[in-house]
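> Got a structure here, written out as structure tokens. Questions coming.
No value in this document is a laboratory result; all are computed from the given coordinates. All values derive from a computational prediction rather than experimental measurement. With ideal geometry, Cβ positions are generated from the backbone for all residues, glycine too; neighbour counts draw on all protein chains shown.
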Amino acid sequence: MTTENRRLVLEEVKKVIKGKEDIVEKVFMAILAKGHILIEDIPGVGKTTLALALSRAMSGEFKRLQCTPDVVPSDIVGFNMYIKEKGKFEYIPGSVFTNIFLADEINRTSAKTQSALLEVMEEGQVTVDGVTHNLRKPFTVIATQNPAGAGTQLLPQAQMDRFIIRVSMGYPDFDSQMELLRDRQLENPLDNVVKAVCAEDILIMQDEVEKVYTSDEILRYITMLTVATRQNPLITLGISPRGALALNRMAKANAYLNFRDYVVPEDIRAVFIYVCAHRLILSAKARIADMNPEDILRDIVNNTPEE
């Protein structure tokens, strides 16, 4: 895989998403790390546009499911239907049979429907009536959720732990919004996004990311950081082993996009908050003091030696 291909996708997406280069890079890293992405934000800041731009730049299939209270698990994983003409049941695939699956406003649907994604996100497969069906590759879930409010419910911690990162798009800055308004006067910028890589290229890059070297010193640094979250009095639930593995995978992807085949401490620090903040449950003391996970994690990074 040529080094140029690592950046081609990013350049295409940045034609559409203005002023959010860091977020675009983190989302692409998550795909290269074979992870899933949670975008927590207000409506109208470009969450769906980001997913569409990525699918076009990667020449992948894109499906979107608007999560509402009446969405049922079979909408996601599929179901068996009796075909009278054939005299037998046939499997009707659900909406996850795609390359990029956008679960829009996931915290507006029922807990039962949310749980249908657990096997999908962990195993890359669905099981319906005892029969397992493998998903396409590459496969990524991009889920969006609104800030807590009327009609929403918190995702269970088991599901939060399966998202490799959580990001927030946020409002664009002044210059970026001006550029966006100019671009949208004449055409839809999505129409200018062209295929940068194919699905096979993404699979090759994912394999190359897996081969990025992580030394024992870096693994020790990851372990020290995650153990620090478990011992912090402001945190009730720290980073799980799954979270530590996710941190390593994202660090490898960060190194890969910076044209290195080995991980350095800066790769860990670059992704630490994105990987870990949504996995924490803060103590009552921290919540009363109105503290947030990001600030606590910054303190942990600042007070944990690299070696």
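> Please work out the Kirkwood hydrodynamic radius for the range 169-242, using every pair of different C-alpha atoms, and report it in angstroms with one decimal place.
Result for the range 169-242 stands at 17.6 Å.
> Out of V263, T236, A251, whose Cα points farthest toward the positive end of the dipole of the range 211-302 (charges: +1 Lys, Arg; -1 Asp, Glu; placed on Cβ)?
Highest projection toward the positive end goes to T236.
> Note down the net charge around Y221, summing +1 for each Lys or Arg and -1 for each Asp or Glu among other residues with Cβ under 13 Å from its Cβ.
Summing Lys and Arg as +1 and Asp and Glu as -1 gives -4.
> Once the dipole of the chain is set up with Lys and Arg at +1 and Asp and Glu at -1 on Cβ about the Cα centre, which of F174, A143, G94 lies farthest towards its positive end?
Sorting the options by dipole projection puts first G94.
> Still on this structure, please answer the following. Given +1 on the Cβ of Lys and Arg, -1 on the Cβ of Asp and Glu, and no further charges, what dipole in debye does the chain carry about its Cα centre, rounded to the nearest 20?
580
> Students often get this wrong, so check it: of K211/K252; K15/K195; K26/K252, which have C-alpha atoms separated by over 18 Å?
Beyond 18 Å between Cα atoms: no listed pair.
> A further question follows. Considering only the other residues whose Cβ falls under 12 Å of the Cβ of D175, what net charge follows from Lys and Arg at +1 and Asp and Glu at -1?
0
> Return the calculated 222 nm mean residue ellipticity for the chain, to the nearest 500 deg cm²/dmol, obtained by summing -39500 (n - 2.57) across DSSP H runs with n ≥ 4 and dividing by the residue count.
-13500 deg cm²/dmol
> While we're on this one: Mind pulling the per residue volume of the convex hull built on the Cα atoms of the range 1-159? Å³ is fine.
Residue-normalised Cα hull volume stands at 137 Å³.
> R0 = 22 Å: FRET efficiency of V131 with S95, Cβ-based, nearest 0.05?
Here the calculated transfer efficiency is 0.75.
> DSSP beta bridges in the chain, what fraction antiparallel, as a percent rounded to 5?
For the chain, the DSSP antiparallel bridge percentage is about 40.
> When only DSSP loop residues count, what trypsin sites (Lys or Arg not before Pro) in the range 104-186 have their Cβ near at most 16 other Cβ atoms within 10 Å?
Qualifying residues, ordered by number: R136.
> Could you state, as a whole-number percent, how many of the C-alpha pairs of the chain are farther apart than 36 Å?
I get 19 percent for the Cα pairs in the chain exceeding 36 Å.
> Now for a separate question. Hey, if you put +1 on the Cβ of every Lys and Arg and -1 on every Asp and Glu Cβ in the chain, which of N5, I39, L190 ends up farthest toward the positive end of that dipole?
Looking along the dipole axis, the top candidate is I39.
> Same structure again: Please identify the trypsin sites (Lys or Arg not before Pro) of the range 31-84 that satisfy two criteria: DSSP loop assignment and at most 16 other Cβ atoms within 10 Å. Which are they?
Taking the range 31-84 and a limit of 16 other Cβ atoms within 10 Å, the loop trypsin sites (Lys or Arg not before Pro) found are K84.
> Please give the Cα centre distance for the range 205-259 versus the range 47-78, rounded to the nearest Å.
28
> Under the rule a/c < 1.5 gives rounded, and otherwise a/b versus b/c splits prolate from oblate, where does the range 79-156 land using the Cα gyration tensor?
Prolate, since a/c reaches 1.5 and a/b exceeds b/c.
> Net charge around V301, counting only other residues with Cβ within less than 12 Å of its Cβ (Lys, Arg = +1; Asp, Glu = -1)?
-3
> Using a 10 angstrom cutoff on alpha carbons, build the Gaussian network for the chain and name the most mobile of F89, F139, F272.
F89
> Using label points projected 7 Å from each Cα along Cα→Cβ, tell me how many nm separate A158 and S74, to one decimal.
According to this spin-label approximation, the distance is 2.3 nm.
> Placing unit charges on C-beta atoms (Lys and Arg positive, Asp and Glu negative, everything else neutral), compute the dipole magnitude of the range 211-302 about its Cα centre in debye, rounded to 20.
Roughly 300 debye for the range 211-302.
> Next question, about the same structure. Exactly which GluC sites (Glu not before Pro) in the range 1-75 are in a DSSP loop and have at most 15 other Cβ atoms within 10 Å?
Filter output for the range 1-75: E4, E61.
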